[in-house]
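Heads up, the thing below is written out as structure tokens.
All of the numbers you see were taken from the coordinates with simple rules; none came from a lab. Here the structure is a predicted model, which means the values were calculated and not measured. Don't worry about glycine lacking a Cβ; one is built from the backbone with ideal geometry, like all the others, and counts go over all protein chains shown.
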Amino acid sequence: MAEPVDTYALAPRFAAFLRVTDVVDGLDAVGLADITLLDPTIRPLWMGMKFWGPAVTMRVLPANRRMPVLSREEARRSHSIWGKMGGFAASLDPHIKPGCVVVTSTGGAREVGWWGSNNSMDMQARGAVGIVTEGQCRDTDEVCMQQSPVACAGIGRPIIPGRAQLVEVQVPVGCGGVQMRPGDIVGCDWDGVVVVPHEVAAEVLAIAAHIAIDDKKGRRALYEKLGREPDQTVDWQAAQEYYQDIL
């Protein structure tokens with residue numbers, strides 16, 4: 001395989017015009033059919049969510065102990081208490097960069113909303129363009145309303161303390177049955193989630209760009225045949241101009 005590329009520079013080119021399906025077709029062409037597709041249960045929480053970005057990974061495991069009984073005052077500090085108990089053995093903070101996607105491997109943890117309305121928005125505020133977890137998200141009314149970009153396998157109700165613990169960050173992880181490494185490009189839209197290994201990202205981009213332009217041309221002709229007003233999804237000229245350096 002080719003030498004790794006700067007995926008922080010490359011990811012915006014995926015985001016400009018490509019769908020997950022275009023990129024999946026490109027991955028087929030380089031011999032990576034299917035093995036880069038996350039479990040189809042991992043889906044965006046709201047229609048219209050799209051993101052592409054390099055992975056920042058976190059490995060979460062099921063807890064092997066419970067929280068003690070808490071007083072009313074302590075209940076407001078349950079996360080900090082869990083931290084002192086070793087529940088957060090690593091920190092994402094140094095690794096979050098504008099444009100990244102936070103990928104959470106949960107190790108089969110039972111129902112727990114590792115991501116919710118507060119911490120997902122915090123990731124947004126720090127520049128993350130997406131969050132992918134094979135576990136659950138909670139507070140989903142607010143997550144959808146504030147359009148925090150979370151793709152998850154389900155909706156959870158409980159909080160983290162006593163249920164799951166963060167053990168490592170920025171290591172290769174398994175998420176949704178797929179290997180994901182720091183820097184691999186992660187994409188999401190309503191069709192699901194895919195990962196592009198960084199070694200093949202440039203080639204997959206070029207192939208997917210050809211596929212996307214051909215699709216836009218074909219659908220543009222059908223729009224005209226049906227008398228429909230063209231929209232941005234069939235603007236093949238703009239896509240061709242944008243990708244002209246790699247076509």
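Things to note:
- At full extension, Gln179 and Asp6 could sit 60.3 nm farther apart than now, given 0.36 nm per residue minus the alpha carbon distance.
- In Hz, Karplus ³J(HN,Hα) per residue of segment 91-99 (6.51, -1.76, 1.60; θ = phi - 60°; x = Gly, Pro): 10, 6, 3, x, 9, 6, 10, x, x
- Sorted on the mean count of surrounding Cβ atoms within 10 Å across their residues, most packed first, peptides 128-135, 31-38 read 128-135, 31-38.
- Note on Ser91/Ile155: beta-carbon distance plugged into 1/(1 + (r/R0)^6) with R0 of 25 Å gives a FRET efficiency of 0.45.
- Most simply put, the chain has about 55% antiparallel DSSP beta bridges, counting only bridges with both residues inside it.
- A dipole drawn for the chain from +1 and -1 charges on Cβ atoms has a positive end, and of Cys188, Gly130, Ala11 the residue lying farthest that way is Gly130.
- Sequence ranges 212-219, 183-190, ranked by mean other-Cβ count within 10 angstrom, highest first: 183-190, 212-219
- Proximity of backbone amide H atoms, modeled 1.01 Å from N, is registered between Gln165 and Leu61, Ala63 at under 5 Å, excluding neighbours fewer than 5 places apart on the same chain.
- Over every Cα atom in segment 41-109, the radius of gyration and the widest Cα-Cα span, Dmax, amount to 15.8, 43 Å.
- Cα Rg, Dmax (largest Cα-Cα span) when computed across the chain, Å: 19.7, 68
- Sorted peptide list for 45-52, 96-103, criterion being average Cβ within 10 angstrom, highest first: 96-103, 45-52
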